[in-house]
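The values are calculated or read from the model by the stated rules, or taken from the named source; none is laboratory data. Just so it is clear, the structure is predicted and the values come from calculations on it, not from any experiment. Quick reminder, even Gly has a Cβ in these numbers, built from the backbone with ideal geometry, and neighbours come from all protein chains shown. These accessible areas exclude ligands, DNA and RNA; they are computed on the full protein's heavy atoms, side chains included. Shrake-Rupley method; radii C 1.70, N 1.55, O 1.52, S 1.80 Å.
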Amino acid sequence: EIISIVRYYSDPHFGHKNMAIKRGFKDEFEMDDYIVSEWNKIVNKKDVTWILGDITMEKSFPYYNLDRLNGIKKVILGNHDEPQHVPSLLTYVNNVSSSKLIKNGEYGNILLSHIPIHPQEFEYRLDFNIHGHVHENTYPDKRYINVSAEVIDYRPRTLRELIYYNGERKYE
C-alpha cells in the first residue's frame with residue numbers, strides 16, 4: 001500500500017515565457033515540461049503537495065499543466081493567482097485557500113503562505129513559515145523556508161527535507 005507523503009512547492013509560473021527565460025529555459029513550454037518531469041519523478045498519486053501560489057501569471061489557460069502533475073494538489077493563492085480564476089482552478093486541484101496553519105508535534109506551528117509573513121508573527125504563535133514569492137532571494141532567517149521552484153531544484157520537498165536542508169540548497 002502506498003503511504004501518502006506531504007510536500008511543498010511554490011511559484012511554478014506555468015506558461016510564463018519571461019520567467020522561463022530568467023530561469024534559463026528556452027521558453028515556457030520547456031520550463032513547464034521540466035517542472036512536470038521533476039515533480040513526477042518523486043510525487044506518487046496518493047501524495048499531497050501544497051502549491052504555495054503563483055500557479056501562473058494571471059492566466060487560467062496554463063492550468064492544464066496541473067493535470068500533468070502526480071498526486072493531490074492543494075493551493076495557497078499567490079499574488080499572481082486571480083480570484084476570478086478560482087472556480088477554474090478548482091477543476092484541477094483539491095483545495096484552494098489563502099493560508100494554512102499546520103500544527104506539527106515535531107516542528108511546532110507552521111504557517112503556509114505565499115508571501116513571507118511579518119517577523120513579529122514568530123514571537124507568539126509560529127515556529128516556521130513555509131512560503132514562496134521571493135524566488136531566489138531567500139531570507140537568512142531559518143524560520144522562513146522558501147519553496148520557490150528554482151530554490152528547491154523544481155522538486156516538491158517534504159517538511160523534514162525543508163527543515164534539514166533549509167538555506168543549504170543541497171537537496172538530495
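Cβ-Cβ under 8 Å, sequence separation 6+ or interchain: first residue in segment 58-77 and in contact (Cβ under 8 Å) with a residue 40 or more places away in the chain and farther than 15 Å from Val48 by Cα, partner in a loop (DSSP other than H, G, I, E, B) and open to solvent by less than 10 Å² (accessible area, probe 1.4 Å). Which pairs? From segment 58-77, the pairs are Pro62/Phe14; Pro62/Ile55; Pro62/Thr56; Tyr63/Phe14; Tyr63/Ile55; Tyr63/Thr56; Asn65/Pro12; Asn65/Phe14. The set of residues from segment 155-164 being without any contact (Cβ under 8 Å) to a residue 40 or more places away in the chain and in contact with a strand residue (DSSP E or B) (Cβ under 9 Å, 6 or more places away or on another chain) comprises just one member, Glu161. All of (1) open to solvent by 30 Å² or more (accessible area, probe 1.4 Å); (2) touching a helix residue (DSSP H, G or I) at 6+ places or on another chain (Cβ under 7 Å) hold for Tyr8 with one exception: (1). Where the second residue is of a type in the set (A, V, I, L, M) and the first is open to solvent by 20 Å² or more (accessible area, probe 1.4 Å) and lies in segment 130-154, which pairs have Cβ atoms under 7 Å and are six or more apart or on separate chains? Short answer, once both residue conditions are applied: His133/Ile115; Glu136/Val151; Thr138/Val151; Tyr154/Ile35.
Looking at segment 160-172, which of its residues are open to solvent by 20 Å² or more (accessible area, probe 1.4 Å) and outside any loop (DSSP other than H, G, I, E, B)? Working first, answer last.
Residues of segment 160-172 open to solvent by 20 Å² or more (accessible area, probe 1.4 Å): 160-161, 163-165, 167-172.
Those that are open to solvent by 20 Å² or more (accessible area, probe 1.4 Å) and outside any loop (DSSP other than H, G, I, E, B): Arg160, Glu161, Ile163, Tyr164, Tyr165.
Quick one: is Lys41 touching a residue at least 24 places away in the same chain (Cβ under 8 Å), open to solvent by 70 Å² or more (accessible area, probe 1.4 Å) and within 16 Å of Tyr154 (Cβ to Cβ)? The answer is yes for Lys41.
Count, please, the residues in segment 85-100 that happen to be open to solvent by less than 40 Å² (accessible area, probe 1.4 Å) and touching a residue at least 40 places away in the same chain (Cβ under 8 Å).
Step one: filter segment 85-100 for residues open to solvent by less than 40 Å² (accessible area, probe 1.4 Å), giving 85-86, 89, 93, 96-97.
With the extra rule that they be touching a residue at least 40 places away in the same chain (Cβ under 8 Å), the set shrinks to 93.
Residues meeting the conditions: 1.
Residue count for segment 58-79 satisfying the condition of being under 19 Å from Asn146 (Cα atoms) and either of a type outside the set (Val, Ile, Thr) or touching a helix residue (DSSP H, G or I) at 6+ places or on another chain (Cβ under 9 Å) (or both): 6. Can you pull out every residue in segment 146-160 that is farther than 19 Å from Asn40 by Cβ, more than 11 Å from the chain's Cα centre (by Cα) and of a type outside the set (Lys, Arg)? Once the filter is applied, which keeps residues that are farther than 19 Å from Asn40 by Cβ, more than 11 Å from the chain's Cα centre (by Cα) and of a type outside the set (Lys, Arg), segment 146-160 yields only Leu159.
Residue by residue, here is whether (1) within 30 Å of Arg125 (Cβ to Cβ); (2) among the hydroxyl-bearing types (Ser, Thr, Tyr); (3) open to solvent by 60 Å² or more (accessible area, probe 1.4 Å) holds:
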site: Glu30; (1), (2), (3): no, no, yes
site: Trp50; (1), (2), (3): yes, no, no
site: Ile55; (1), (2), (3): yes, no, no
site: Tyr63; (1), (2), (3): no, yes, no
site: Arg68; (1), (2), (3): no, no, yes
site: Asn79; (1), (2), (3): yes, no, yes
site: Pro83; (1), (2), (3): yes, no, yes
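Of the residues making up segment 101-123, just one is in contact (Cβ under 8 Å) with a residue 40 or more places away in the chain and over 15 Å from Tyr144 (Cα atoms), namely Asn104.
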